[in-house]
Amino acid sequence: MSNLSLMSRRLNQLLRTTTSRIGYGRGNWEPVDLNKLEDLPESEIRKAATFKPPVEPAQLETVLQMYGATTTVLDFWIGPSVTTYEVKLPDGFRLESFMRFDKDIARDLRCQSIRILPSMKNSSNIGIEVENSKRFAIDFKQIIKGLPANMTLPIILGEDTFGDAVYSDLVNLPHLLVAGTTGSGKSVWLNSVILTMLATKSPADVRLLLVDPKVVEFREYAEVPHLLKPIATDAEAAIDLIQETVNIMEERFQMLCSVPGAKKLSDYNEAMDEHLPYILFIIDEYADLITGGSKAEAKEIEGNLKRIAQKARAVGIHMIAATQKPNREVVTPLLKANLPARIAFSVTSGMDSRVILDCMGAEHLAGKGDMLFKDPTARNELMGLRRIQSPMVSRADTETILNG
């Protein structure tokens with residue numbers, strides 16, 4: 001028997017053994033009937049029907065004139081957490097001259113916060129986002145039913161400020177760095193990512209590797225058939241799981257090199273009878289691993305994660321690393337360079353926003369799932385950094401997805 005066949009059998013035996021251990025057969029999985037998910041409460045529908053914009057266009061024009069800009073509000077769009085106003089500035093007006101007054105403008109508008117967008121739809125007009133006094137819930141049932149069918153690792157980001165559903169395929173990103181303070185909605189969104197995979201992808205398509213230093217965040221997934229290894233809940237187990245991920249990656253590369261012309265996992269799967277699943281590796285609190293142990297352990301962890309970020313895409317391993325502490329000691333330039341796709345939930349300072357996004361803005365977010373998504377695949381500046389409200393999956397929907 002060839003070395004390639006031995007490696008293929010070994011990896012697939014690992015998958016079958018793990019599934020068998022937790023009492024599920026690979027052939028028993030069926031996609032969730034999404035019609036069983038909860039509909040949006042009637043109270044949320046009524047809230048949307050009676051909504052009024054947080055600021056009238058004439059009021060916005062008056063306040064901006066106080067800061068030296070004679071403007072015209074051309075239109076506005078009501079989003080889940082903010083209303084976006086399209087504003088025409090006079091020709092030759094220097095935007096920087098009043099962008100630094102964002103807090104003063106918010107005070108004069110009598111709103112919690114504003115965010116100024118330097119461009120709108122590739123025009124010379126700017127955008128001004130004003131936080132809504134009432135927030136709309138995102139209908140998870142409708143947004144997951146609208147998920148494009150051709151995505152390999154589908155992620156529901158949420159709904160943007162123009163009311164459009166936003167999805168992404170992690171295969172194209174190919175890894176993701178996520179940051180946000182306590183209460184910002186980071187962990188809730190990570191759970192929605194996992195539940196989307198469980199609802200739409202079989203264990204033959206996608207397997208999960210999870211690191212959960214909080215112990216309780218991912219514990220309800222301990223028996224799902226998609227789980228490749230037990231959930232790592234302490235530093236020692238996390239280090240072992242990260243190393244195991246590197247080992248799987250290197251073993252897959254050997255298999256890939258043995259197939260003529262194969263440069264990625266999809267090439268390998270097309271050439272072989274036994275298909276290897278994609279692997280989604282999620283670390284809920286990256287900072288705890290870096291700061292909780294010795295310098296040698298931190299260096300080992302960062303080195304292995306760097307290897308995964310640099311190489312694992314080709315063999316179908318994709319990583320989401322999340323942290324509550326987006327400082328330079330945790331989110332190092334080396335890590336950032338290999339994780340170009342990023343999500344920032346609410347952070348405490350403009351410096352934290354710069355660390356995660358390379359720009360200000362996340363310090364103005366409203367919390368509870370309000371995010372900025374930096375998309376390295378976007379074609380223009382407006383789409384490259386999008387403000388999105390993430391969905392919140394109800395307890396009933398979680399049980400429906402987990403129990404079928």
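The values are calculated or read from the model by the stated rules, or taken from the named source; none is laboratory data. Keep in mind that this is a model prediction, so the values were computed, not measured. Neighbour counts are summed over all protein chains in view; Cβ atoms, including those assigned to glycine, are modelled from backbone coordinates with ideal geometry.
Worth a mention:
- Test: Ala296 is over 25 Å from Ser168 (Cα atoms), free of Cβ contacts under 8 Å to residues at least 40 places away in the same chain and either surrounded by 16 or more Cβ atoms within 10 Å (Cβ to Cβ) or hydrophobic (A, V, I, L, M, F, W, C) (or both): yes
- Single condition Ser133 does not satisfy, out of (1) in contact with a Gly (Cβ under 9 Å, 6 or more places away or on another chain); (2) of a type outside the set (D, E, K, R); (3) under 30 Å from Val193 (Cβ atoms); (4) surrounded by fewer than 20 Cβ atoms within 10 Å (Cβ to Cβ): (1)
- Picking from residues in the stretch 235-265 that are free of Cβ contacts under 8 Å to residues at least 12 places away in the same chain and over 29 Å from Pro213 (Cβ atoms), the one that is nearest to the chain's Cα centre (by Cα) is Ala262.
- Condition check for Thr245: out of contact with any Leu (no Cβ under 8 Å at 6 or more places or on another chain) and modelled with pLDDT of 90 or more: no
- Checking each residue of the stretch 379-393 against the condition of being surrounded by fewer than 16 Cβ atoms within 10 Å (Cβ to Cβ) and touching a helix residue (DSSP H, G or I) at 6+ places or on another chain (Cβ under 9 Å) gives no match.
- Candidates are the residues of the stretch 83-101 that are over 22 Å from Met383 (Cβ atoms) and among the charged types (D, E, K, R); the one that is farthest from the chain's Cα centre (by Cα) is Asp91.
- Count of residues meeting criterion [modelled with pLDDT under 75 and within 29 Å of the chain's Cα centre (by Cα)] in the stretch 45-66: 3
- Selection within the stretch 351-375: residues that are among the small types (Gly, Ala, Ser) and on the phi > 0 side of the Ramachandran plot. The member of this set that is surrounded by the most Cβ atoms within 10 Å (Cβ to Cβ) is Gly369.
- Residue within the stretch 159-166 that is of a type in the set (Phe, Trp, Tyr) and either buried (at least 21 other Cβ atoms within 10 Å of the Cβ) or in a loop (DSSP other than H, G, I, E, B) (or both) present: yes
- Condition check for Pro148: touching a Ser or Thr at 6+ places or on another chain (Cβ under 8 Å), without any contact (Cβ under 8 Å) to a residue 60 or more places away in the chain and not assigned by TED's automatic domain parsing to the domain that holds Gly68: no
- Conditions (1) farther than 21 Å from Phe281 by Cβ; (2) over 17 Å from the mean Cα position of the chain (by Cα); (3) among the polar types (S, T, N, Q); (4) in a helix (DSSP H, G or I); number of the one not met by Asn304: (1)
- Filtered residues of the stretch 90-118 (kept if in contact with a Ser or Thr (Cβ under 7 Å, 6 or more places away or on another chain) and at pLDDT 90 or above): Ala106
- Criterion applied to Leu385, Leu372, Leu357 was being in contact with an Asp or Glu (Cβ under 9 Å, 6 or more places away or on another chain) and among the aliphatic types (A, V, I, L, M), and the one residue passing it is Leu385.
- Residues (touching an Asp or Glu at 6+ places or on another chain (Cβ under 9 Å) and either buried (at least 19 other Cβ atoms within 10 Å of the Cβ) or among the β-branched types (Val, Ile, Thr) (or both)) located in the stretch 336-350: Ala341, Arg342, Ala344, Phe345, Ser346, Val347, Thr348
- Entirely in the stretch 72-154, the strands (runs of 3 or more DSSP E) that have 1 or more residues that are touching an Asp or Glu at 6+ places or on another chain (Cβ under 6 Å) and of a type in the set (A, V, I, L, M, F, W, C): 72-78, 82-88, 114-117
- Residue match in the stretch 20-27 (condition: assigned to a loop (DSSP other than H, G, I, E, B), modelled with pLDDT of 90 or more and within 31 Å of the chain's Cα centre (by Cα)): no
- For Ile128, the conditions (1) under 27 Å from Leu265 (Cβ atoms); (2) aliphatic (A, V, I, L, M); (3) surrounded by 22 or more Cβ atoms within 10 Å (Cβ to Cβ) all hold with the exception of (1).
- The single residue among Ala341, Ala366, Ala396, Ala314 that is touching a residue at least 60 places away in the same chain (Cβ under 8 Å), among the small types (Gly, Ala, Ser) and within 24 Å of Pro213 (Cα to Cα) turns out to be Ala341.
- Qualifying residue in the stretch 196-216 (condition: more than 27 Å from Leu34 (Cα to Cα) and crowded, with 22+ Cβ neighbours inside 10 Å): yes
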